[in-house]
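Notes for the one structure printed next.
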Amino acid sequence: MNIQNKTLQRRGFLRGVLAAAVLVPVAGSLGSCAGGGGGAPAASTAAGPVSDTNPFGMADNSTIDAVIFKGGYGIDYVEFAGKLLEKNHPGSTAKIAPSTAIAQELQSRFVGGNPPDLIDNSGEGAMGFSAILDQLEDLNSVLEVKNLEGTVIKDTLYAGVEAPGTFGGKLAALNYALTIYALWYSASLFQDNGWTVPKTWDEALDLGAKAKAKDKYLFVWGKEAATYYQTLALGSAIKEGGDEVRLAVDNLKDKCWSQPAIQSVFAAMEKAVKAGYFKPGGSGTKFTAAQAQWSNDESALLYPSGSWIENEMKDQTKPGFKMTGAPEFTVTSSSKMPYEAMHSAAGEPFIVPSKGKNVAGGKELLRTMLSKDAATNFAKTKLAPSIVKGTVPADGFGSTALVSQTKLLDAAGSNIFTWGFVDLYGMNKDQLVLWNTFLDGKSDAATLTSGLQKITDDVRNDSSVTKIEVK
């Protein structure tokens, strides 16, 4: 998928991805295409016996109405779970419908009080949670039951996956797909040259000198993806300075970009730019072409990206490349968070409307998606992990990138973090200009800092924009 589609796919859930247990609207009004419904939530119109194999009391011969965003992941992974549900509940039917404009297509159904039983509320046209929050089931009820294998679901998930869909203490959405943000490299290229993946920015600069001696570059970038280096910078700074760094930028604080941890990363990046460790011309290069310079031409050693990079570049990756992910650098070896800490965020937010005709069926389909068989199918067909642990085999279905993602998550443990202010407030377009100029060597760290702070201040001071406080 292209960068625009990735942004659109993630933006819906990133309205809520602020890596906090409590998200509090501070001012203004979040726009939404869905109308408010009001009234007491309705229970499922039909109820069956409750058991370990039917924990929500889904009635026999049920029909489950699911509407799934048809983005980069398609809908076949939900269809797979639907067929599994039908096998486990003979006589029941899971109707899986695709949508590319969730809010536009479902607005009238929410207003009319007959929404689907399960929705993947993703994409650019996702429904704003502020308008429908009181119409959604608390999905902690799903996490507390046993999966198809007999294990309590919450014990099978990666740490922190509830945070993106938690609003005011309510788990309103369960994000299914897991994105790992890492530094990607060719394990075979590093092995052939005896290089070690850097753990700190000083080590990265040393590697840049070694790359230059081989007529290669440390980094490469494309104009539409220049802010991938902002993602790298923030990941490094948060690990170096701890949660206070993340909270300051997420909460749009004054002088948040001047925090020492961020400035130390910007300074290291400026050194890399001035030393010629970034391949020139990125601001005039399409991002996929720049990525191919890394994955196919091997003219650059490292590339910061989300874990979609393997699938995105599968037709432009050199044979035997052995794509592998590594944690983002820290600044020093005494960082507040360990080097192994990971920037990771769950996406594809699934919701169960309380006024669906078959609430129990919607939850049962979601429970089925969280089974080992369904989650393994997702990982195998999408080359990406779901939020369910232990579903990627040792060989990663032949994908070194997928194997490395599992290892990174296991090593990080509970040290998982993310942020959401960029997509929440629509900052990326303006930030791209600053980052392209900086990486081109046409500005310095001080100019980058002041420019990013102005974008932040403009949003903070705009009374028409809802502010989401991260606690």
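The values are calculated or read from the model by the stated rules, or taken from the named source; none is laboratory data. All figures in this text were calculated on a predicted structure; none of them were measured in a lab. With ideal geometry, Cβ positions are generated from the backbone for all residues, glycine too; neighbour counts draw on all protein chains shown.
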From the list T376, T324, pick out the single residue that is surrounded by fewer than 24 Cβ atoms within 10 Å (Cβ to Cβ), part of a strand (DSSP E or B) and either among the polar types (S, T, N, Q) or at pLDDT 95 or above (or both). T324
Given the residues W419, W435, which is the only one that is in a loop (DSSP other than H, G, I, E, B) and closer than 24 Å to A248 by Cβ? W419
Between a residue in region 138-150 that is exposed (fewer than 15 other Cβ atoms within 10 Å of the Cβ) and any residue that is in a strand (DSSP E or B) and among the acidic types (D, E), which pairs come within a Cβ distance under 6 Å, given they are 6 or more apart or on different chains? none
Could you list all residues from region 132-157 that are part of a helix (DSSP H, G or I) and not β-branched (V, I, T)? L133, D134, Q135, N140, S141, L143, K154, D155
Quick check on region 91-131: of everything there that is under 24 Å from S62 (Cα atoms), in a loop (DSSP other than H, G, I, E, B) and touching a residue at least 24 places away in the same chain (Cβ under 8 Å), which residue is farthest from the chain's Cα centre (by Cα)? G91
Restricting region 343-365 to residues that are outside any loop (DSSP other than H, G, I, E, B) and more than 19 Å from the chain's Cα centre (by Cα), which is farthest from G91 (Cα to Cα)? P353
Which one of T227, T288, T231 is farther than 20 Å from V422 by Cβ and among the β-branched types (V, I, T)? T288
Scan of region 45-90 for residues that are in a strand (DSSP E or B), more than 17 Å from F350 (Cβ to Cβ) and modelled with pLDDT of 95 or more, ordered by number: N54, T63
